[in-house]
1. How many residues does region 103-115 hold that are open to solvent by 20 Å² or more (accessible area, probe 1.4 Å), over 10 Å from the mean Cα position of the chain (by Cα) and not polar (S, T, N, Q)?
2. Would you list the strands (runs of 3 or more DSSP E) that sit entirely within region 1-52 and hold 2 or more residues that are among the aliphatic types (A, V, I, L, M) and touching a Lys or Arg at 6+ places or on another chain (Cβ under 8 Å)?
3. Considering only region 62-74, state which residues are without any contact (Cβ under 8 Å) to a residue 40 or more places away in the chain and either open to solvent by less than 60 Å² (accessible area, probe 1.4 Å) or assigned to a loop (DSSP other than H, G, I, E, B) (or both).
4. Given the condition farther than 21 Å from TRP53 by Cα, among the acidic types (Asp, Glu), modelled with pLDDT of 95 or more and surrounded by 18 or more Cβ atoms within 10 Å (Cβ to Cβ), answer yes or no: does some residue in region 80-88 qualify?
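The values are calculated or read from the model by the stated rules, or taken from the named source; none is laboratory data. It should be emphasised that the depicted structure is a prediction, and the values quoted were computed from it without experimental measurement. Backbone-built Cβ (ideal geometry, glycine too); neighbour counts: all protein chains shown. In case anyone asks, the SASA skips ligands and DNA or RNA and just uses the protein heavy atoms, side chains included. Shrake-Rupley method; radii C 1.70, N 1.55, O 1.52, S 1.80 Å.
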Amino acid sequence: QVQLVESGGGLVQAGGSLKLSCAASERTFGSYAMGWFRQAPGKEREFVAAISWNGGRTNYADSVKGRFTISRDNSNTVYLQMNSLKPEDTAVYYCAASTGIISTMERSFGSWGQGTQVTVSS
């Protein structure tokens, strides 16, 4: 399993922006599809965004489409740029890696980070 470490979470006012980063431990990171999920208090974890192994395809949850952007670079890092944040975006955000094709399903991802807290105040 690849080890993943998220960073970049914090407290921001509604309408603000944050950029999350996820650093992977493996040199084979470039062969993994990557995803971001989130879990709000009292709710189940939900899909946010995903990107294919080469960055050529992306998927977004309807709730974040047009506001969030997932990207990846050659330094074993995947990013989630979050703009126009809303209080309902408050959650712990998790990075995940999949050896398969791009997916929106949790069960497709075999490696998970510890999560980073994002809090959006109204």
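1. Of the residues in region 103-115, 5 are open to solvent by 20 Å² or more (accessible area, probe 1.4 Å), over 10 Å from the mean Cα position of the chain (by Cα) and not polar (S, T, N, Q).
2. Answer list for region 1-52: 46-51.
3. Selection gives ASP62, SER63, VAL64, LYS65, GLY66, ARG67, PHE68, ILE70, SER71, ARG72, ASP73.
4. Within region 80-88, not a single residue is farther than 21 Å from TRP53 by Cα, among the acidic types (Asp, Glu), modelled with pLDDT of 95 or more and surrounded by 18 or more Cβ atoms within 10 Å (Cβ to Cβ).
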